[in-house]
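Undergrad: Here's a structure for you.
The values are calculated or read from the model by the stated rules, or taken from the named source; none is laboratory data. Because the structure is predicted, anything quoted here is derived from the model rather than measured. All Cβ positions, even for glycine, are placed from backbone atoms using ideal geometry, and neighbour counts span all protein chains on display. For the accessible areas, the whole protein counts, side chains as well, though only heavy atoms, and no ligand, DNA or RNA atoms are used. Shrake-Rupley method; radii C 1.70, N 1.55, O 1.52, S 1.80 Å.
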Amino acid sequence: MSFPVAFYSPVASITQDEEKARKAKMAIIMERYKDKVLALPRKEIDTNLHLCKYEGFWYHHGFWLHSNANFSVEAIMALQDEFQALPTDVFLSSQVKSGTTWLKSLGFAILNRAKFKIDKDSWATHPLITTSPHDCVPFLESESFLNNPSYANGLMSTHIPYTSLPQSIISSDCRIVYIHRNPKDMLISLWHFMNTLREDGSSPTKLDDTFELFRKGLTPNGPFWDHAIGYYKASLERPNKVLFLTYEKLKEDTYNEVKRLASFIGSSFTKEEEDDGSVQEIVELCSFKKLSEAHKGNKDGSHSSNGIYFRKGIVGDSVNYLTTEMIKTLDEIAKEKFDGLNISF
Ligand code: A3P
């Protein structure tokens, strides 16, 4: 069994000096792309928020979510200019609220299973439990703000659409795993998540309003459908480079999907591992039940609380919230957008 090197890159324990350096880097990046961003089409969402359109997708720009500029359009521009992928890198890609946390957990547990044991007796000290999946697998967009980016650690995640990825990711031999989710479930997950993040005491966003924005593609990294289509087409054109997973299939047949994922990222399970229960242990360690229990105390609504990434973790919850009319609208959009492609919903 061979393991790609050093996939562990915790960012939880950032020191005050590092935080200062990160903010200084943020300021430089914001300044560098100021004019380019000002020229982009903009859409006011509410008094505190507007999105801008870059290469066909909508993004926050500048400081958002508690002065955290990490997911802004400027980060993408900086990465496009600077980022150099290595052939051994693995990128876990997704739209928000589509299974990012789950995919990060699985990717991390698989690639680091020699270093961090995945048998039940070792779970209590596993980084997925002692820190969080998001600490274990950094977002590429955040990394651009570190003074000394930890790119070389090899396992990263991103919400950047395929067509806007830094050129070196597209052209190098690195691999990309995408997770897609039923747009209706994603919308409900997003709506809950955004309301959980409200710390300013303002009243919760109405579902009608979030639905309207979503329908028009006005969510960060949206339109949701176009994001999925970019990765889906790439997975057909370059099946050895891009693997297209779905949240629903991962739920339905976790064991075999985990094996498929491991094999794709160059870390197949051996026959002995299958026999000794290693695959099943990874499935359970990364399950919604295990991870949500481990992080449930940490759900105070702040952006850094790990618990907010776990809500229900089920398929089809959207039927409990969406009206028949909303479902019809979203189904029509999916039918039109995914026409001729083997992506359902
Ligand atoms: P729900 O809000 O529908 O429960 P992301 O990680 O991209 O932010 O997506 C969050 C969604 O994935 C949430 O969906 C969350 O509950 C679910 N989720 C998080 N961890 C999971 C896991 N280990 N297994 C299954 N679903 C998980």
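Undergrad: Could you tell me which residue of the range 133-186 is farthest from PHE83 (Cα to Cα), considering only residues that are charged (D, E, K, R), within 14 Å of the ligand (Cβ to nearest atom) and open to solvent by 10 Å² or more (accessible area, probe 1.4 Å)?
TA: Looking at the filtered set, the residue picked out is LYS184.
Undergrad: Return yes or no: is THR205 β-branched (Val, Ile, Thr), outside any helix (DSSP H, G or I) and open to solvent by 30 Å² or more (accessible area, probe 1.4 Å)?
TA: Yes, satisfied.
Undergrad: Quick test of your reading of the structure: ASP121 fulfils all but one of (1) free of Cβ contacts under 8 Å to residues at least 60 places away in the same chain; (2) acidic (Asp, Glu); (3) within 16 Å of the ligand (Cβ to nearest atom). Name the failing condition by number.
TA: ASP121 satisfies every listed condition except (3).
Undergrad: Right, something else. Residue check: is HIS134 within 28 Å of ASP17 (Cβ to Cβ) and part of a helix (DSSP H, G or I)?
TA: Taking the combined requirement at face value, the residue satisfies it.
Undergrad: If you don't mind, there's one more thing I want to ask. Under 24 Å from GLU252 (Cβ atoms) and of a type in the set (Phe, Trp, Tyr) - does that describe any residue in the range 65-81?
TA: No, the range 65-81 contains no residue that is under 24 Å from GLU252 (Cβ atoms) and of a type in the set (Phe, Trp, Tyr).
Undergrad: Let me confirm something: among GLY230, GLY222, which residue is within 20 Å of the chain's Cα centre (by Cα), within 16 Å of the ligand (Cβ to nearest atom) and closer than 30 Å to CYS52 by Cβ?
TA: Within the list GLY230, GLY222, the selection yields GLY222.
Undergrad: Here are the criteria: (1) open to solvent by less than 30 Å² (accessible area, probe 1.4 Å); (2) touching a Lys or Arg at 6+ places or on another chain (Cβ under 6 Å); (3) within 16 Å of the ligand (Cβ to nearest atom). Tell me which single one CYS286 does not satisfy.
TA: Exception for CYS286: condition (2).
Undergrad: Another question, if that's okay. Any chance you could count how many residues in the range 109-130 are part of a loop (DSSP other than H, G, I, E, B) and open to solvent by less than 30 Å² (accessible area, probe 1.4 Å)?
TA: Residues in the range 109-130 being part of a loop (DSSP other than H, G, I, E, B) and open to solvent by less than 30 Å² (accessible area, probe 1.4 Å): 4 in total.
Undergrad: For residues that are modelled with pLDDT under 65 and of a type in the set (A, V, I, L, M), tally how many sit in the range 63-86.
TA: Summing the residues that are modelled with pLDDT under 65 and of a type in the set (A, V, I, L, M) in the range 63-86 gives 2.
Undergrad: Just to be sure, is GLY313 in a loop (DSSP other than H, G, I, E, B) and within 11 Å of the ligand (Cβ to nearest atom)?
TA: Criteria met by GLY313.
Undergrad: Shifting gears a bit: Scanning the range 310-335 for residues that are open to solvent by 40 Å² or more (accessible area, probe 1.4 Å) and over 23 Å from ASP209 (Cβ atoms), which turns out farthest from the chain's Cα centre (by Cα)?
TA: LYS335
Undergrad: Let me ask something else about it. So which of SER105, SER98 ends up being open to solvent by less than 10 Å² (accessible area, probe 1.4 Å), within 16 Å of the ligand (Cβ to nearest atom), part of a loop (DSSP other than H, G, I, E, B) and within 27 Å of ILE282 (Cα to Cα)?
TA: SER98
Undergrad: Among the residues of the range 7-44 satisfying the criterion of being modelled with pLDDT under 90 and charged (D, E, K, R), which is farthest from GLY222 (Cα to Cα)?
TA: Here the residue is ASP17.
Undergrad: Could you tell me whether the range 192-201 includes any residue that is over 23 Å from LYS251 (Cβ atoms) and in contact with a Gly (Cβ under 6 Å, 6 or more places away or on another chain)?
TA: Among the residues of the range 192-201, at least one is over 23 Å from LYS251 (Cβ atoms) and in contact with a Gly (Cβ under 6 Å, 6 or more places away or on another chain), which makes the answer yes.
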